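Since the structure comes first, as structure tokens, the remarks are kept for the end.
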Amino acid sequence: MKVSYQWLNQYLPLEEKGIQPAALAEKLARTSVDINDVYSPMDGLKKLVVGLVVACEPHPDSDHLNVCQVQVSETETLQIVCGAPNVQVGKKVIVALVGARIKDNIKIKRGKIRGVESNGMLCALQEIGFSEQVAPKDYEAGIWFLPDDAVVGDAVYPYLGMDDTIIDTDLTPNRGDMLSIFGNVNDLAAIYDLPNGFESHPVVESDEAMADQLSATLADEAIAPAYEMRLIKHLHVADSPMWLQIKLWNAGIRPINNVVDITNYILLKYGQPLHAFDYAKLPSHQITVRHAQAGEQLTTLDGEARSLQASDIVIAAGEEAVALAGTMGGQSTMVDEQTTSVALEAAIFDPVMVRKQARRLDLHSESSMRFERGINPETLHQALDEAAYWLAELAGGQVVAGKAVAARPQFADREITLSVRRVNHVLGTELTMAMIEQLMVRLDFAAHSLDDDQLVVAVPARRWDIELPADLYEEIARLYGYDNLPSTLPTMTKTAGGLTETQARLRASRHTLEGLGLTQAISYSLTTVKRAQQFRVAPDQTQPMQLDYPMSSDHVATRMSIISGLLLDVAYNHARKVADVALYEQGRVFLPQGGERPLEEEHVAGAVTGHLTPANWHQAAQPVDFYALKGIVQTYLQNLAVAGEITYVADSSRPEMHPGRTANILLDGQVVGFLGQVHPSCAAEYKIPETYVFELNLAALLAAPKRDKHYVHISKYPAVTRDIALLVDQTITNQAIVAAIKQKGGAYLKQVQLFDLYRGEHLPANKKSLAYTLTYQADDATLKEDDVNQAFEKVVAHLTTTLGAEIR
Amino acid sequence: MGLREKLEELRKQGIQEIKASADLDHLNDIRVKMLGKKGPLTTVLRGMKDLSKEERPKVGKFANEIRDELAQALEAKKAELATARLNAKLAAETLDVTLPGTPTVQGQPHVIQQIIDQLVDLFVGMGYQVAVGDEVEQDEYNFERLNLPKDHPARDMQDTFYVTPSVLMRTQTSPMQARMMEKHDFANGPLKMISPGKVYRRDTDDATHSHQFHQVEGLVVGEHVTMADLKGTLEVVAKTLFGDELAVRLRPSYFPFTEPSVEADITCFNCLGQGCAICKHTGWLEVLGAGMVHPNVLKMSGVDPEVYGGFAFGLGPDRFAMIKYVVEDIRDFYQNDVRFLNQFNQKG
């Protein structure tokens, strides 16, 4: 809420006590509500003075410009060319002198307009910083006229309320009471311990009785806990006086006419929204508050024809809906220049119903905002009566005696019993009963002690946010001052804390991949439906979980793999000419299983493209290929220490993957992941170069039995090696050969290592040559040459017979 | 010339040749030539048989002295030449040590992960446990159990991605409060937990908004937990993340699940409160929301608010990272430009 410092000063001796606006704002921020901004409407303006138009002649070379002589001091009259249609001799106007600064820091210079010298500018409000939504007149209507008694040569700011300072507060939903001057005055009186001089004006009723001129009823009591109306007749709609217009525009509300302005003034002062119906236009004077009928039509003040739903709430005159309750009035009964009588409504509507209606129709107004956050029932009568008072005072209306009442506001103080011991226990303070009582006095909450610990506090209805002792702890804490709270650490013991085994292994997993050269990425979990389905470890037809009401077409479904997000990262880098990318990501994928929520499975994935290490002055670049990535995955899995057997099986069935360069990764025969090259067509869709990826179901790997951490004895006896080179069919895999070697390797075979692979020239087309080093070692003796030879011969024979290998 | 003169001549000549020798092979030749069986010394000594009985031992002794002297000179020269040869080799091997080192591969943890890990380590050290929840949550745990019934105006504070009317992308990591409290056996001591993770809001992505970001929720519930403890805990957080003894300032705020609720500001780490561009000249940085757990929240999780109480806080690693590293666009965290990510490579 835009709170006027000058308005506050009408009720609180702030200036008198030396409390300046900036300090006040700071204090509010520290004690009450957040502050968006503190500003004065005159900030940035310079040399704007009151002028008197003493002469005005048409410009010789223009059909719309006038050459004005404007008196700007006792001795000085300036010639100013003005294009406003309404410029008029004898009017007091806003003059921007040469050297002045107007809106947007524009500087006014001496100049010639179509050959005629002009020494300044006559201004409309919009030209000195008023927004189009707030300025009372349209810009096209011309310049602004100051009051006739404005003193020539004076700065214009005080005449326009621009010398005020506005404290723009940002309220949390619980502090709806701070949406009024009344609430701000109360809170500031408590914060600064100042006398509260808030004033109301009592209504003066005429002799005319209400009788059956107006009646109000509730069709459903739940809609409006309070609903009252007054009838004011014989009024004259006109512009409001300056003081009222200033209060509105400084609060960001556009002055319209005295009737509407008075309702807005009361809204600001008490936080009580009012609505004025043109009495004569009401189709019936029997007012009912009811739910709308489905399909019922109502044209609101903004000219929009609205089709209503049964959940909406309306004010009906007779059968006809004439306003959306708490949200916006209807066009057919709106106040205009011809209005002479108004039915003035003061109500409290159900916050939830108003909220739903305002949201559904996207009609968020100053009124609906207040109804949603709560209305002070204590001041409903005061607000309605003061509005009637001003309608009499400013519009010459006569207030019909009595009210049409559908429901009177019900309220009572809420009694909350505080325990001083408990207050100190929660806040960590050492407050005494007397100190707490003193704080309650500042809040103007009645309090009396039951014993030396218990204090009964009567919380008035104007602070409807306070329901529980905890709410009062907050009042105590903020008034006592959060700065005065001590700082300690929880003293209790008995918590060991620490990461669980899974948490520790997830962290280790990340560190391993970083050590292997991959940088951690965090991508978006929400993606497109198509991408969400790609690269799944266990592909099936399941649709991803989709949002009901997404914000952007790029983020509509939860990912079922991590790779697709990493490929977007690769594309982002590639588009920025970053050729070498090595990323991994660890996180959740979301797999619908038919239940209310999907299964969230921890996965880890990587994507590499370009080079692992760039070319440099003394080494060639190391390009990424299948085996480079497989090396990373193998080392990673080694670090993960699962006990089961990991195997790699070629898979040509994954649509997003290169059919000849993809392997499933199996743990004891179960697929736990895959790695390989992204299919060139898929890469083209992602706009990425040749890229290698892997994804692992980390949850499954972590759930699998872990390898024992036992120390393996290192033999002190020498190892013996034998090399074997064999020629086999292209289709025979390394894995098959190694398995065959190990099968007949004997007890002393410790290691089998491939050291050469050759195909091409000098070999038949369908053949390849592989060479392995076999390492033999015994734990208890030096191996004899014969033993090794025998074991080796068995392997050779086995390879020849089972794989048709030709030993070279 | 007598035998003694011959020997003297040999000694002179030998020493001279050894001194003049410039490489080890040549030196070896000299050794063979001088001291070998066919060498002059041996030849001279063969002439000993012609000497008198008196002369023979004297000359013999002299000859041995000469042999030893030459052998020593040879050894000394050999060592000298070996050193010279090594030095020459080393000189030839000299490198330009200013040439760049061979690139190695090293990945980095994501900057947000670094902040989360720092916080996790801090709280684990203070005896907290880490509770990681699901990212797809029930409305019940994300809102209702946190004292946010349907149609509560505070739900407007968080625009939510709903999947169904009862399932949503969690908007905060706070659901773990209720999930942990209902499981915790307070007979075993207080509950001290943090819950880090991704959260989602129905927002349009721009420099300061992201539909996905991170949160670390903290909760301590026990019989003796005070707001002063909250303040002290937050001071430790500030010190851990920003390294200085920064003051923590609490301001009133509102969260339905805490009462009292506060926003916590810390002294700007950059200007230490003097006012600078980072803190928008206020001297303070708003870093997190916190408060004392609302009695309704305790009650709904089956915890007696008359006996137990505590504090909760929620902080944003994204915001911390933006503040700490002066990152101006939150999207930088999720686009994963490797040039961005690899900058955050300071360890410890």
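If I model a spin label as a point 7 Å beyond the Cα along the Cα-Cβ vector, how far apart are those points for A:Leu783 and A:Thr802 in nm?
1.8 nm
Taking H as built 1.01 Å from N, whose amide H comes closer than 5 Å to the amide H of B:Glu259, not counting residues under 5 places away?
B:Met292, B:Val293, B:His294
Out of residues 5 or more away from A:Met545 or on other chains, whose amide H comes under 5 Å of its own, with H placed 1.01 Å from N in the peptide plane?
Hits under the 5 Å cutoff: A:Thr558.
Suppose a student asked you for the relative contact order of the stretch A:393-511, using Cα pairs under 8 Å spaced at least 6 residues apart; what percent would you report?
26 percent
With the crude spin-label approximation of a point 7 Å out along Cα→Cβ, what separation in nm comes out for A:Val98 versus B:Glu140?
A separation of 7.9 nm, rounded to one decimal place.
Going 7 Å from the Cα of A:Lys794 toward and past its Cβ, which residues in the stretch A:728-744 have a backbone nitrogen under 17 Å from where you end up?
Hits in the stretch A:728-744 for A:Lys794 at 17 Å: A:738-744.
Rounding to the nearest 20 debye, state how big the charge dipole of chain A is about its Cα centre with +1 on each Lys and Arg Cβ and -1 on each Asp and Glu Cβ.
Approximately 3820 debye in magnitude.
Under 5 Å between amide hydrogens, which residues at least 5 positions from A:Asn616 or on another chain qualify, with H placed 1.01 Å from N in the peptide plane?
Distant-sequence amide H within range of A:Asn616: A:Ala621.
Towards the positive end of the charge dipole of chain A, with charges on Cβ (+1 Lys, Arg; -1 Asp, Glu), say which of A:Val529, A:Leu640, A:Gly746 has the farthest Cα.
Projecting each Cα onto the dipole axis, the largest value belongs to A:Gly746.
Lys/Arg Cβ at +1, Asp/Glu Cβ at -1, dipole of the protein assembly as shown taken about the Cα centre: which of A:Ser552, A:Val260, B:Met34 is farthest positive-ward?
B:Met34
In the Gaussian network model of chain B, springs joining C-alpha atoms below 10 Å, which of B:Ala73, B:Ala228, B:Ala207 carries the largest mean-square fluctuation?
It is B:Ala73.
In the stretch B:185-283, which GluC sites (Glu not before Pro) fall in coil by DSSP and have 16 or fewer other Cβ atoms within 10 Å?
Passing sites in the stretch B:185-283 are B:Glu223, B:Glu245.
Which trypsin sites (Lys or Arg not before Pro) in the stretch A:294-379 sit in a loop by DSSP (not H, G, I, E or B) and have at most 15 other Cβ atoms within 10 Å of their own Cβ?
none
Springs between alpha-carbon atoms under 10 Å, Gaussian network over chain B: tell me which of B:His184, B:His211, B:His26 tops the mean-square fluctuations.
Sorting by GNM fluctuation, first place goes to B:His26.
Please list 3J(HN,Hα) in residue order for the stretch A:80-92, calculated via the Karplus relation 6.51 cos²θ - 1.76 cosθ + 1.60 where θ = phi - 60°; whole Hz, with x for glycine and proline.
Values per residue, Gly and Pro as x: 10, 8, 10, x, 5, x, 9, 4, 8, 5, x, 8, 8 Hz.
Can you give the relative contact order of the stretch A:205-407 as a percent, counting alpha carbon pairs under 8 Å and 6+ residues apart?
That works out to 37 percent.
Cβ under 15 Å from A:Arg408's Cβ, A:Arg408 left aside: what net charge do those residues give with Lys, Arg +1 and Asp, Glu -1?
Neighbourhood net charge equals -3.
Below 15 angstrom from the Cβ of A:Ile665, what's the summed charge of the other residues (Lys, Arg +1; Asp, Glu -1)?
Around A:Ile665, the surrounding residues sum to 0.
Of B:Ile266, B:Ile330, B:Ile66, which has the largest mean-square fluctuation in a 10 Å C-alpha GNM of chain B?
B:Ile66
Find out how many positive minus negative residues lie around A:Lys107, taking Lys and Arg as positive, Asp and Glu as negative, among other residues whose Cβ is under 15 Å from that of A:Lys107.
Charge balance in the 15 Å sphere: +4.
Step through the residues of the stretch B:12-18 one at a time and calculate ³J(HN,Hα) from phi using the Karplus curve (6.51 cos²θ - 1.76 cosθ + 1.60, θ = phi - 60°), rounding each to whole Hz and writing x for Gly and Pro.
Ordered by residue, 3J(HN,Hα) equals 4, 5, x, 4, 4, 5, 4 Hz.
Can you give the charge dipole size of the stretch B:3-92 about its Cα centre, rounded to the nearest 20 debye, using +1 on the beta carbon of Lys and Arg and -1 on the beta carbon of Asp and Glu?
For the stretch B:3-92, the charge dipole is close to 280 debye.
Taking Cα pairs under 8 Å and at least six residues apart, what relative contact order does the stretch A:414-483 come out at, in percent?
39 percent
The numbers here are math on the coordinates, done by the rules we state, and not lab data. Treat the numbers as computed from the prediction; the structure is a model and nothing was measured. Positions of Cβ are generated from backbone atoms using ideal geometry, with glycine treated the same way; all protein chains shown enter the neighbour counts.
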